[in-house]
Each structure stands twice: as C-alpha cells, then as structure tokens.
1. Testing LEU98 on (1) part of a helix (DSSP H, G or I); (2) of a type in the set (A, V, I, L, M); (3) more than 21 Å from LEU27 (Cβ to Cβ), one condition comes back false. Which one is that?
2. May I ask you to list the residues in segment 53-108 that are of a type in the set (S, T, N, Q) and within 17 Å of GLU33 (Cα to Cα)?
3. Restricting attention to segment 89-98, does a residue exist that is more than 19 Å from ALA23 (Cα to Cα) and touching a helix residue (DSSP H, G or I) at 6+ places or on another chain (Cβ under 9 Å)?
4. Just one of the numbered conditions (1) part of a loop (DSSP other than H, G, I, E, B); (2) at negative phi; (3) charged (D, E, K, R) is not true of GLU48; which one?
5. Count, please, the residues in segment 58-67 that happen to be buried (at least 18 other Cβ atoms within 10 Å of the Cβ) and in contact (Cβ under 8 Å) with a residue 60 or more places away in the chain.
6. Give me the residue from segment 114-140 that is of a type in the set (A, V, I, L, M, F, W, C), more than 14 Å from LEU57 (Cα to Cα) and under 15 Å from the mean Cα position of the chain (by Cα) and, out of that set, modelled with the highest pLDDT.
7. List every residue pair whose Cβ atoms sit under 8 Å apart, with the two residues 6 or more apart in sequence or on different chains, where the first one lies in segment 74-88 and is surrounded by fewer than 23 Cβ atoms within 10 Å (Cβ to Cβ) and the second, anywhere, is β-branched (Val, Ile, Thr) and in a helix (DSSP H, G or I).
Amino acid sequence: MTYSSRSSKADRKSKEPKLDLEAKQALGNISPELLKTQLCSLVIQFVEEHWDQAEMLGREMDLPMYYCDLQDLLEVSPPIPLVNQLHSADPNLNLQDLDHQQPLEVMKAVIKMFTTSERMVMPSPDWTPGLATPAQRPDWNWNE
C-alpha cells in the first residue's frame, strides 16, 4: 500500500493544535507566538522585581514548583495550547494588551493555569527542571 504525500500532510495538519474560538477572539491580531514571548518576559520581570510578592502568591496558590521551573515550562510550551490554557484559566485577562495588564493579575492567571486548569500545559518529554538562581532565590545560602 502506498501513501501519498498529500494524505500524510493532511494527517499532520489535522493533528496540529488549533486555537479555541474564544481564545482566538481574545487574541485578536496578536499571534500565539508573540503572546508567549510577552508572557515569558512578564513572568521573569515580575519574579525579579517583586520577589516577595511572587513568593507569597506562589504559596497562596499552591504553586508546586520553583519560579525558575515555571519559567522553563512556559518557554518549552507550544504557543497555541499555551494560549488556549491561559485563556481558559482566566477568560477576563486581556490577551491583546498583555504588556499593560497588572503584573500580579498576569501571574495569578499563569499560576492558575498550571495549578487548576483541566488542560494544564504538560512539559515536553525532554524537559527537566532547572535549578534556582541567586536572583530567583536570594534567601538561600549560595556559598554552601
């Protein structure tokens, strides 16, 4: 039996993730890739500039990982499922203007996505958690 390249391309195309209609509407003209880039930057910025608040938020929302691992998961997550899951976690978050949202609200949505969403982003098989850095965990004694 011979398979044509046309059918294999169609099979691959049908297996590619698709944006949910609601997430697509929430994105507007923003690409999932751009949203992912903005999201990663906002998380890093929030953790670096508001460590105490980030640490308290992580405890309050039962974040089951260090922020460096959360950042790693965001970076390796495919953009389309990430957008779908972020929108599912907080449908009120303005995805078209993420850079101008309250950083705390963005962080709450990201943590909720990883802790309570039924469609949680799963890491790729080659992902391994990273180690915290001094900037991420200034309370640790790094000289031991």
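1. Answer for LEU98: the failing condition is (3).
2. Going residue by residue through segment 53-108, those that are of a type in the set (S, T, N, Q) are 53, 71, 77, 84-85, 88, 92, 94, 96, 101-102.
Correct list: GLN71, SER77, ASN84, GLN85, ASN94, GLN96.
3. First, the residues of segment 89-98 that are more than 19 Å from ALA23 (Cα to Cα): none.
No, segment 89-98 has no match at all.
4. Checking GLU48 against (1) part of a loop (DSSP other than H, G, I, E, B); (2) at negative phi; (3) charged (D, E, K, R), the one that fails is (1).
5. So in segment 58-67, the residues buried (at least 18 other Cβ atoms within 10 Å of the Cβ) come out as 58, 63, 66-67.
Filter once more, so that each one left must be in contact (Cβ under 8 Å) with a residue 60 or more places away in the chain: 66-67.
Residues in segment 58-67 being buried (at least 18 other Cβ atoms within 10 Å of the Cβ) and in contact (Cβ under 8 Å) with a residue 60 or more places away in the chain: 2 in total.
6. The first filter runs over segment 114-140 and keeps only residues of a type in the set (A, V, I, L, M, F, W, C), leaving 114, 120-122, 127, 131-132, 135, 140.
Next, from what is left, pick out any that are more than 14 Å from LEU57 (Cα to Cα): 120-122, 127, 131-132, 135, 140.
Add one more test, that the residue is under 15 Å from the mean Cα position of the chain (by Cα), and what stays is 120-122, 127.
Numbers: MET120: 56, VAL121: 46, MET122: 46, TRP127: 43.
Taking the candidates together, the pick is MET120.
7. These pairs meet every condition: LEU74/VAL43; LEU74/VAL110.
For (1) at pLDDT 90 or above; (2) buried (at least 18 other Cβ atoms within 10 Å of the Cβ); (3) of a type in the set (A, V, I, L, M); (4) outside any helix (DSSP H, G or I), each residue gets a yes or a no:
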{"site": "ILE30", "(1), (2), (3), (4)": "yes, no, yes, yes"}
{"site": "LEU34", "(1), (2), (3), (4)": "yes, no, yes, no"}
{"site": "VAL43", "(1), (2), (3), (4)": "yes, yes, yes, no"}
{"site": "GLN53", "(1), (2), (3), (4)": "yes, no, no, no"}
{"site": "MET56", "(1), (2), (3), (4)": "yes, no, yes, no"}
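The values are calculated or read from the model by the stated rules, or taken from the named source; none is laboratory data. On a predicted model such as this, the values are computed, not experimentally measured, just so you know. When we count neighbours, we look across all protein chains shown, and the Cβ atoms used for this are built from the backbone with ideal geometry, even at glycine.
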